[in-house]
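> Quick one: the structure is below, questions incoming.
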Amino acid sequence: MSHNTFGHLFRVTTWGESHGPALGCVVDGCPPGIRLTLGEIQSWMDKRKPGQSRFVTQRREDDIVKILSGVMFDDDGETMITTGTPISMLIENTDQRSKDYGEIARRYRPGHADFTYDLKYGIRDYRGGGRSSARETAARVAAGAVARKVLPDLVVRGALVQIGKHKINRENWDWAQVDQNPFFCPDQQMVPVWEEYLDSIRRAGSSIGAVVEVVADNVPAGLGAPIYSKLDQDIASLLMSINAVKGVEIGEGFASAELSGEENADEMRTGNDGTPLFLSNHAGGILGGISTGQPVVARFAIKPTSSILTERQSIDADGNNVEVRTKGRHDPCVGIRAVPIGEAMVACAIVDHYLRDRGQTGRLR
Ligand SMILES: Cc1cc2nc3c(=O)[nH]c(=O)nc-3n(C[C@H](O)[C@H](O)[C@H](O)COP(=O)(O)O)c2cc1C
């Protein structure tokens, strides 16, 4: 299976399977001299790890990151300094239950990657989905934690804005709320609604889709390229690479189809300090593939978890009609744990473009 790498100058390769001994990544191209601690990386891992509430999978993984290469320790014994060589990070899998997956060894879960993996490779690690499992995304979050340190002023935050038909009220948006509830929800009033709703989904052995929004503040103006490496294009590509993502928007996204030119144009003035001032941000911080200096805003839709307890019609590897009911521990709404993953992908895309911009223009933005 090829194509396990993304990025150009901040280049990330992930490896490992859901039910193997470990998984991880190699970050190649991180500049030398970046200072970071394991605790800083771990804090992002902790946001994504499973088992933190009844609304996510009960698989128990500590997701402790070990750094194998690419750093030297400072005299305090805690701060690591990147050396410019490949940073290899390893995360052990400690809570596999492969027997849960025996029944789907030859049966294809509708909506999952089982059918296409068999079709393409002729062999499939059915235990937890192997490489198609979102366990792989733990490694992306570790890479994203390193990316954030390359551009320390960059602030990339994500929030869940919709579960099923229940959308947040954007007027209640409060970033301080996001870490105060199990959903990464910025609207305090929506939390009890989602709680009740997801409890009913969970009890029914079903699942539901969601929408995640990621906002990047302090993105330097001038990152990106106008044609084949638009910043929005690369962000969309990385967000779409996350398991179960079925739609990506930048700025107004699909809603811009309903706007007039007057409504959609982000008018400009020169601000009091002499710098350009945008009066709105329908563009999501990117014009012509290049960042404007406004917040970069991306949204992605996540489909409902396909592994559900309800029996669904499918076929097996021999072409027999079968019924599939997926046991095991699954997220009833994968959108929740996708929030830190989306943040990591946006951080990696922006930092990759930052290094590419510096390489081409020689400017320190
Ligand atoms: C955080 C996260 C957790 C996930 N957990 C599960 C799960 O427990 N069961 C499942 O069937 N799919 C889960 N998925 C989705 C599958 O990995 C995904 O649907 C599958 O690989 C097929 O790929 P596709 O949906 O992108 O086509 C999860 C996705 C994410 C982002």
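> Which is the longest stretch in the chain that no exposed loop site breaks, taking sites as GluC sites (Glu not before Pro) with a DSSP loop state and at most 12 other Cβ atoms within 10 Å?
That would be 79-266.
> To continue, here is another question. Determine which lysines satisfy two conditions relative to LYS165: a Cα distance under 24 Å, and not lying fewer than 8 residues away in the same chain.
Hits, sequence-local ones excluded: LYS246, LYS303.
> Per residue of the range 154-162, what does 6.51 cos²θ - 1.76 cosθ + 1.60 with θ = phi - 60° give for ³J(HN,Hα)? Whole Hz please, x for Gly and Pro, Karplus curve as stated.
Per residue, the Karplus-derived 3J(HN,Hα) values read 5, 10, 10, 10, x, 8, 8, 10, 7 Hz.
> Based on alpha-carbon centroids, what's the gap between the range 11-65 and the range 187-203 in Å, whole number please?
Their Cα centres are 27 Å away from one another.
> Pop out the Kirkwood hydrodynamic radius of the range 1-156 from its pairwise C-alpha distances, inverse of mean 1/r, in Å to one decimal.
So the Kirkwood estimate lands at 16.9 Å.
> For a quick check, take a GNM of the chain with Cα springs below 10 Å and name the residue from ASN181, ASN169, ASN272 with the largest mean-square fluctuation.
It is ASN272.
> For the range 77-147, just run the numbers: alpha carbon Rg, then divide by 2.2 N^0.38 Å, N being how many residues it has.
That ratio works out to 1.51.
> Then there's this: Taking a cut-off of 14 Å between Cα atoms, list the aspartates and glutamates near LYS327, but don't count ones fewer than 8 places away on the same chain.
Leaving aside aspartates and glutamates fewer than 8 places away in the same chain, those within reach of LYS327 are ASP100, GLU103, GLU311.
> Checking the cross-link filter: which lysines have an alpha carbon closer than 24 Å to that of LYS149, excluding same-chain neighbours under 8 positions apart?
Hits, sequence-local ones excluded: LYS47, LYS49, LYS66, LYS230.
> Could you work out [θ]222 nm for the chain from helices alone, using -39500 (n - 2.57) per DSSP H run of at least four and dividing by all its residues? Round to the nearest 500 deg cm²/dmol.
Mean residue ellipticity, 222 nm, calculated: -7500 deg cm²/dmol.
> Going by amide H atoms built from the backbone, whose H comes under 5 Å of the H on THR37, apart from near neighbours?
MET80
> How large are Rg and Dmax for the chain when only the alpha carbon atoms are used, in Å?
When restricted to the Cα atoms of the chain, Rg and Dmax are 21.2, 71 Å.
> For LYS327 paired with ILE123, estimate the spin-label separation in nm (one decimal), with each label point 7 Å from Cα along the Cα-to-Cβ line.
Once both label points are built, they end up 2.7 nm from each other.
> About its Cα centre, what dipole magnitude does the chain give when the only charges are +1 on Lys and Arg Cβ and -1 on Asp and Glu Cβ, stated in debye to the nearest 20?
Its charge dipole is roughly 1080 debye.
> Determine the gain in length on full extension of the stretch SER237-GLN188; use 0.36 nm per residue of separation and subtract their C-alpha separation, reporting nm with one decimal.
Result: 14.5 nm gained on full extension.
> Here is a further query. Amide H of ASP95: which non-local residues (sequence gap of 5 or more, or other chain) have their own amide H closer than 5 Å, using H built in the peptide plane?
Hits under the 5 Å cutoff: none.
> Report, by chain and number, residues whose modeled amide H sits under 5 Å from the one on THR57, excluding near sequence neighbours (fewer than 5 apart, same chain).
Those qualifying (amide H under 5 Å, at least 5 residues apart or on another chain) are GLY51, ASP331.
> Moving on to the next point. Report the residues of the range 290-314 in range of a label on GLU103: point 7 Å along Cα→C-beta, backbone N strictly under 14 Å from it.
Zone members listed by number: 307-314.
> Pop out the ³J(HN,Hα) list for the range 34-49 in order, Karplus 6.51 cos²θ - 1.76 cosθ + 1.60 with θ = phi - 60°, rounded to Hz; leave Gly and Pro as x.
In residue order, the calculated couplings are 7, 9, 7, 10, 4, x, 5, 5, 4, 4, 6, 4, 5, 5, 8, 5 Hz.
> Please work out how much length the chain gains when fully extended from ASP179 to ASP318, using 0.36 nm per residue of separation minus the C-alpha to C-alpha distance, in nm with one decimal.
Stretched out fully, the ASP179 to ASP318 stretch lengthens by 45.3 nm.
> Suppose every K and R has +1 on its Cβ and every D and E has -1 on its Cβ; what is the size of the dipole of the range 239-365 about the Cα centre, in Debye to the nearest 20?
540 debye
> So what's the range 280-352 giving for Cα Rg divided by 2.2 N^0.38 Å, two decimals?
1.74
> Once you put a point 7 Å from the Cα of ASP46 and another 7 Å from the Cα of SER206, both along the Cβ direction, what distance in nm separates them?
Each label point is offset 7 Å from its Cα along the Cβ direction, giving 3.5 nm.
> I would also like to ask the following. List, largest first, the extents of the alpha carbons of the range 132-256 along their principal axes, each in whole Å.
Ordered largest first, the range 132-256 gives principal extents of 46, 36, 32 Å.
> Next question, about the same structure. Taking 0.36 nm per intervening residue step and subtracting the Cα-Cα distance, what contour gain separates ASN172 from THR270 on full extension?
The ASN172-THR270 span can extend by a further 32.3 nm.
> Inverting the mean 1/r over all pairs of different Cα atoms, compute the Kirkwood radius of the range 206-305 and quote it in Å.
Every distinct Cα pair counted, the radius reaches 14.6 Å.
> With unit charges on the beta carbon (Lys/Arg positive, Asp/Glu negative), name the residue among GLY29, SER88, PRO50 whose Cα is farthest towards the positive pole of the charge dipole of the range 1-121.
So the residue we want is PRO50.
> Got a sec to turn the phi values of the range 301-314 into Karplus ³J(HN,Hα) couplings, 6.51 cos²θ - 1.76 cosθ + 1.60 with θ = phi - 60°, whole Hz, x for Gly and Pro?
9, 10, 6, x, 3, 7, 6, 10, 7, 6, 5, 10, 7, 7
> If you don't mind, there's one more thing I want to ask. Hey, rough spin-label estimate for SER69 and TRP15, points 7 angstrom out along Cα→Cβ, what's it come to in nanometres?
0.9 nm
Where a number appears in this text, it was derived from the coordinates with a stated rule and is not lab data. Fair warning: this is a prediction, and the values are worked out from it, not measured in the lab. In this analysis, Cβ positions are derived from the backbone assuming ideal geometry, glycine residues included, and neighbour counts consider all displayed protein chains.
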